[in-house]
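Below you'll find the structure, written out as structure tokens, and then a few comments.
The values are calculated or read from the model by the stated rules, or taken from the named source; none is laboratory data. In this text, all values refer to a predicted model and were calculated from it rather than measured experimentally. Every residue, glycine among them, receives a Cβ derived from its backbone with ideal geometry; neighbour counts consider all protein chains shown. Just the protein is used for accessible areas: all its heavy atoms, side chains included, with ligands, DNA and RNA removed. Shrake-Rupley method; radii C 1.70, N 1.55, O 1.52, S 1.80 Å.
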Amino acid sequence: MKLFASDNRKPIKILSALFSILIVLTASSFALAQQKVSRRFPAGKNVRFELKNITGTITVETWDRDEIAVTALMDNRKATFNPRQTESGLVIDIVGDNRGRNDIEMNFKIQLPSRSSVDLETHSGQINVRNVQGDLVRAHIWTSGDIQLIGINASRVFAQNLSGDIYFDGDFSSGGTYEFKSGRGTISLQLPASCGFHLVATSSVKRISLGPFWDEKRMQLLGEGRRITGDVGDGRASVTITNYQGDIKFFRR
Amino acid sequence: MNCENYQLMLSDFVDGALTIEDCTRLELHLNSCPDCNDARNDLNVIVDFCREQRGVYDPVPDSHAMWVRITNLIEAEHASASHHEIHREAGWFFRMMNRSWQVSFPQLAGLVAVIILVVAMGTAVGVRRFSFSGGPQVGGLVPIPPHIEDRYRQQQQTIAYWNDRVELNKARWSPQMRETFERNMSVIDAAVDDSMKQLAINPHDTVSEDILNEAFNDKVALLKEFSDL
């Protein structure tokens, strides 16, 4: 007895062919729906880059060229994307350029000189910054999204979100200012053993782990353990960390 | 010398007991003052009537006692007149302090009862005002210290303003954006509530106060940012 008669196999072949066509059409329509825009702007060594996004991922990397490359991937709803070159660098304001539209999602990949300052802001989404060595690194997510700052050596660093984790891997310069703030994510800092800073770390839920940087002679607990203040090393950098409902963790690199 | 002084001399004048000088001076005045002259005539009529009626009425049985009563009445009227003057010219407190209070025992007892009742009610209202129901409460149970309560009220006004603006625009937001906003706002609200609870337990907790201030600032900043969308 034959399991599949030849008459029965025909409809199956037709169905699978139709299904394959459907998959191809769906994939191609999705690809067509995404719009990719790439632009390059000349820049000096010490450039300032500002980006204010609505929703989406922002990735900033460094390279050896004296120019800024901006690659924006946006959905099919046409968003206005109008970078402005200024004396100090480049400004992209998606919020201002698309006033009254809050449904725009744009993903950015930025490449710029390592000595650049970056000021990044989005209402929601991820922010990733790697190897920036300029004066300022600011990453602000108004609501939800993770922040990753890796290989950072800037004298001023500000990272803030409400939901989502903040991860910092870098060094603190002497006399620098560093602020990290989250609503309920985990704030993790990975630092070299030689790092020196004055710390004010506050977590409402009393979950602060200084790991190898804890020194009971130079630090004190306040507010029943909700705040730790004190010096690590030379104590010359100022580090302020606030977390309303999440953890604060220190690691040695 | 004025009319009042001349009229005081009239009685002696009628009795013929004045000196010649006083008599001359009074007569000169009476010739020039119709009021005093009328008073002299009235007195003459009274004296003449008394002289004519002398011996008609029986003498009072105890004239001394009667004069004592008359004197007392006059003094009482004089005292009443003095109070009347105070009543017109002095302030309310002075008038009250110079007034004689005459109350019966039931009145006094009633007054004391009213005072006790008023004081008890005032104390109860005061305690409620400052401890339990005067200001915002965390979870409807924990009282807030007054200085925090003031700040809370001020911040609430600012927050209410920006919140109204956000609410106007919310209808235009996508459901995803609305959900994201609400979820993150609840994080800040939870931080505010936690800090308030801590401050209700320990009003001098600087850590909670710092967190509260930061949470308020974050909330206003978030509302401002989203009010334009």
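Checking the condition buried (at least 22 other Cβ atoms within 10 Å of the Cβ) and within 30 Å of B:ASN202 (Cβ to Cβ), which residue from A:ILE147, A:ILE141, A:ILE187, A:ILE127 passes?
Working: A:ILE147 fails: within 30 Å of B:ASN202 (Cβ to Cβ); A:ILE141 fails: within 30 Å of B:ASN202 (Cβ to Cβ); A:ILE127 fails: within 30 Å of B:ASN202 (Cβ to Cβ).
Being buried (at least 22 other Cβ atoms within 10 Å of the Cβ) and within 30 Å of B:ASN202 (Cβ to Cβ) holds for just one of A:ILE147, A:ILE141, A:ILE187, A:ILE127, which is A:ILE187.
Residues of region A:62-74 being surrounded by 17 or more Cβ atoms within 10 Å (Cβ to Cβ) and in contact (Cβ under 8 Å) with a residue 40 or more places away in the chain, which ones? Talk me through it step by step, then tell me what you get.
Residues of region A:62-74 that are surrounded by 17 or more Cβ atoms within 10 Å (Cβ to Cβ), as a first pass: A:62, A:68, A:70, A:72, A:74.
Within region A:62-74, A:THR62, A:ILE68, A:VAL70, A:MET74 qualify.
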Checklist entry - If you take the residues of region A:155-184 that are crowded, with 23+ Cβ neighbours inside 10 Å and not in a loop (DSSP other than H, G, I, E, B), which of them is nearest to the other protein chains (Cβ to nearest Cβ)? => result A:SER182
Checklist entry - Do the conditions hold for A:ILE54, that is, is it at negative phi, surrounded by 13 or more Cβ atoms within 10 Å (Cβ to Cβ), at pLDDT below 95 and not in a loop (DSSP other than H, G, I, E, B)? => result yes
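Conditions tested, residue by residue: (1) more than 16 Å from A:SER163 (Cα to Cα); (2) within 7 Å of another protein chain (Cβ to nearest Cβ).
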residue: B:SER186; (1), (2): no, no
residue: B:ALA190; (1), (2): no, yes
residue: B:ASP193; (1), (2): yes, no
residue: B:GLN198; (1), (2): yes, no
residue: B:ASP205; (1), (2): yes, yes
residue: B:GLU209; (1), (2): yes, no
residue: B:ASN213; (1), (2): yes, no
residue: B:ASP228; (1), (2): yes, no
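Residue-wise test of (1) modelled with pLDDT of 85 or more; (2) among the acidic types (Asp, Glu); (3) touching a Phe, Trp or Tyr at 6+ places or on another chain (Cβ under 8 Å).
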| residue | (1), (2), (3) |
| --- | --- |
| B:CYS3 | no, no, no |
| B:SER32 | yes, no, no |
| B:ASP38 | yes, yes, no |
| B:PHE49 | no, no, no |
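When region A:209-253 is examined, which residues are found to be away from chain B (no Cβ under 14 Å), in a strand (DSSP E or B) and free of Cβ contacts under 8 Å to residues at least 40 places away in the same chain?
Here is the first cut: in region A:209-253, the residues away from chain B (no Cβ under 14 Å) are A:209-219, A:230-239, A:247, A:249-253.
From what's left, in a strand (DSSP E or B): A:209, A:219, A:230-232, A:237-239, A:249-252.
Those that are away from chain B (no Cβ under 14 Å), in a strand (DSSP E or B) and free of Cβ contacts under 8 Å to residues at least 40 places away in the same chain: A:MET219, A:GLY230, A:ASP231, A:VAL232.
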Checklist entry - Considering B:ILE20, B:ILE115, which residue is surrounded by 10 or more Cβ atoms within 10 Å (Cβ to Cβ), modelled with pLDDT of 80 or more and not small (Gly, Ala, Ser)? => result B:ILE115
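Among what's in region B:158-184 and is at the interface with another protein chain (Cβ under 8 Å from one of its Cβ atoms) and open to solvent by less than 40 Å² (accessible area, probe 1.4 Å), pick the residue that is farthest from the chain's Cα centre (by Cα). Please lay out each step first, then the result.
So the first thing to find is which residues in region B:158-184 are at the interface with another protein chain (Cβ under 8 Å from one of its Cβ atoms), and the list is B:172-174, B:177, B:180-181, B:183-184.
Those left that are additionally open to solvent by less than 40 Å² (accessible area, probe 1.4 Å): B:173-174, B:177, B:180-181, B:184.
Values: B:TRP173: 58, B:SER174: 61, B:MET177: 59, B:THR180: 58, B:PHE181: 54, B:ASN184: 54 Å.
Among residues in region B:158-184 that are at the interface with another protein chain (Cβ under 8 Å from one of its Cβ atoms) and open to solvent by less than 40 Å² (accessible area, probe 1.4 Å), the one farthest from the chain's Cα centre (by Cα) is B:SER174.
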Next on the checklist: Tell me which strands (runs of 3 or more DSSP E) are completely within region A:83-154 and hold 2 or more residues being within 14 Å of chain B (Cβ to nearest Cβ) and free of Cβ contacts under 8 Å to residues at least 40 places away in the same chain, or say none if there are none.
Outcome noted: A:136-141
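Name every residue in region A:190-208 that is away from every other protein chain (no Cβ under 14 Å), part of a strand (DSSP E or B) and open to solvent by 20 Å² or more (accessible area, probe 1.4 Å), in order of residue number. Spell out how you get there, then give the answer.
Taking region A:190-208 as the starting set, the residues that turn out to be away from every other protein chain (no Cβ under 14 Å) are A:190-199.
Remaining after also requiring part of a strand (DSSP E or B): A:190-191, A:197-199.
The answer is A:GLN190, A:HIS198.
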Checklist entry - Considering only region A:214-229, how many residues are among the polar types (S, T, N, Q) and open to solvent by 60 Å² or more (accessible area, probe 1.4 Å)? => result 1
